[in-house]
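Notes for the one structure printed next.
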Amino acid sequence: MIIKKRMTASIEGDFVVLLIGMRINQLWKIHRWLPVAKAMGRMLRELHAQPELGLLNHEMSFARTMIIVQYWRSMDHLLAYAKNKDAEHLPAWREFNRSVGTDGSVGIWHESYEVKSGAYESIYSNMPAFGLGKAGSLESIGGERESAAGRLGRN
């Protein structure tokens, strides 16, 4: 549902933003990159089925480079999932290193950022709930929150 007004995101407490993805370097080597893409799908399904693991929301874009923006409750949640022997991530990571390693056919990457409470701002106009606004909640923009500086409390 498109919200036909200007909104901003609000989330209680600190949170983590994880940018993660893969890049297809050799399109013809589908046997190398397709398993990587499928593994990410399995991990996302697992994380959404078990909210206690800490994933709040994700958004994904896929072309030659897949980019997934994930919102996590904390860095501790993210690191615990990455090391969990019973979860999808660790076997997928080991399989990537075994089958692809550094052969150059497909690249994977991630960047993680801890965001302190109140140290972020956002705007959504004519958008459905999206990104941080879907991970947390959406609030109407008005008054002092009309500008990015205002949403950050820096008027």
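The values are calculated or read from the model by the stated rules, or taken from the named source; none is laboratory data. All figures in this text were calculated on a predicted structure; none of them were measured in a lab. Backbone-built Cβ (ideal geometry, glycine too); neighbour counts: all protein chains shown.
Of everything in region 40-69, what is touching a residue at least 40 places away in the same chain (Cβ under 8 Å), loosely packed, with under 14 Cβ neighbours inside 10 Å and part of a strand (DSSP E or B)? Give them in sequence order.
Within region 40-69, 65 is the sole residue that qualifies.
What pairs come out if I take residues in region 70-85 that are in contact (Cβ under 8 Å) with a residue 12 or more places away in the chain and pair them with residues that are of a type in the set (Phe, Trp, Tyr) and part of a strand (DSSP E or B) whose C-beta lies under 8 Å away, six or more apart or interchain?
71/15; 72/15; 73/15; 74/15; 78/72
Anything in region 18-29 that is out of contact with any strand residue (DSSP E or B) (no Cβ under 8 Å at 6 or more places or on another chain) and either at pLDDT below 95 or buried (at least 18 other Cβ atoms within 10 Å of the Cβ) (or both)? List them, or say none. Quick ask: steps written out before the conclusion?
Residues of region 18-29 out of contact with any strand residue (DSSP E or B) (no Cβ under 8 Å at 6 or more places or on another chain): 27-28.
Across region 18-29, the qualifying residue is only 27.
Just the residues that are surrounded by 13 or more Cβ atoms within 10 Å (Cβ to Cβ) and more than 24 Å from residue 3 (Cβ to Cβ), please, taken from region 111-130.
112, 114
Could you figure out which of (1) surrounded by 13 or more Cβ atoms within 10 Å (Cβ to Cβ); (2) among the acidic types (Asp, Glu); (3) at pLDDT below 95 isn't true of residue 144?
So the condition that residue 144 fails would be (1).
Of the residues 44, 90, 34, 79, only one is on the phi < 0 side of the Ramachandran plot and either touching a helix residue (DSSP H, G or I) at 6+ places or on another chain (Cβ under 9 Å) or of a type in the set (Phe, Trp, Tyr) (or both); which?
Values: 44 fails: either touching a helix residue (DSSP H, G or I) at 6+ places or on another chain (Cβ under 9 Å) or of a type in the set (Phe, Trp, Tyr) (or both); 34 fails: either touching a helix residue (DSSP H, G or I) at 6+ places or on another chain (Cβ under 9 Å) or of a type in the set (Phe, Trp, Tyr) (or both); 79 fails: either touching a helix residue (DSSP H, G or I) at 6+ places or on another chain (Cβ under 9 Å) or of a type in the set (Phe, Trp, Tyr) (or both).
Going through 44, 90, 34, 79 in turn, just one is on the phi < 0 side of the Ramachandran plot and either touching a helix residue (DSSP H, G or I) at 6+ places or on another chain (Cβ under 9 Å) or of a type in the set (Phe, Trp, Tyr) (or both): 90.
Are any of the residues in region 112-128 within 29 Å of residue 12 (Cα to Cα), hydrophobic (A, V, I, L, M, F, W, C) and part of a helix (DSSP H, G or I)? Full working, then the answer.
Applying the first criterion (within 29 Å of residue 12 (Cα to Cα)) to region 112-128 yields 112-128.
Imposing the further condition that a residue be hydrophobic (A, V, I, L, M, F, W, C) reduces the set to 115, 119, 123, 127.
Now restrict to residues that are part of a helix (DSSP H, G or I): none.
Looking for residues that are within 29 Å of residue 12 (Cα to Cα), hydrophobic (A, V, I, L, M, F, W, C) and part of a helix (DSSP H, G or I), one finds none in region 112-128, hence no.
Across region 70-91, which residue is nearest to the chain's Cα centre (by Cα) among those that are within 12 Å of residue 18 (Cβ to Cβ) and part of a helix (DSSP H, G or I)?
78
So, residue 150, is that one out of contact with any strand residue (DSSP E or B) (no Cβ under 9 Å at 6 or more places or on another chain), surrounded by 13 or more Cβ atoms within 10 Å (Cβ to Cβ) and not polar (S, T, N, Q) or not? Reasoning before the result, please.
Working: out of contact with any strand residue (DSSP E or B) (no Cβ under 9 Å at 6 or more places or on another chain): yes; surrounded by 13 or more Cβ atoms within 10 Å (Cβ to Cβ): yes; not polar (S, T, N, Q): yes.
So residue 150 fits the description; yes.
If you go through region 131-155 one residue at a time, how many are among the small types (Gly, Ala, Ser) and either within 18 Å of residue 1 (Cβ to Cβ) or touching a Leu at 6+ places or on another chain (Cβ under 9 Å) (or both)?
Final tally of qualifying residues: 6.
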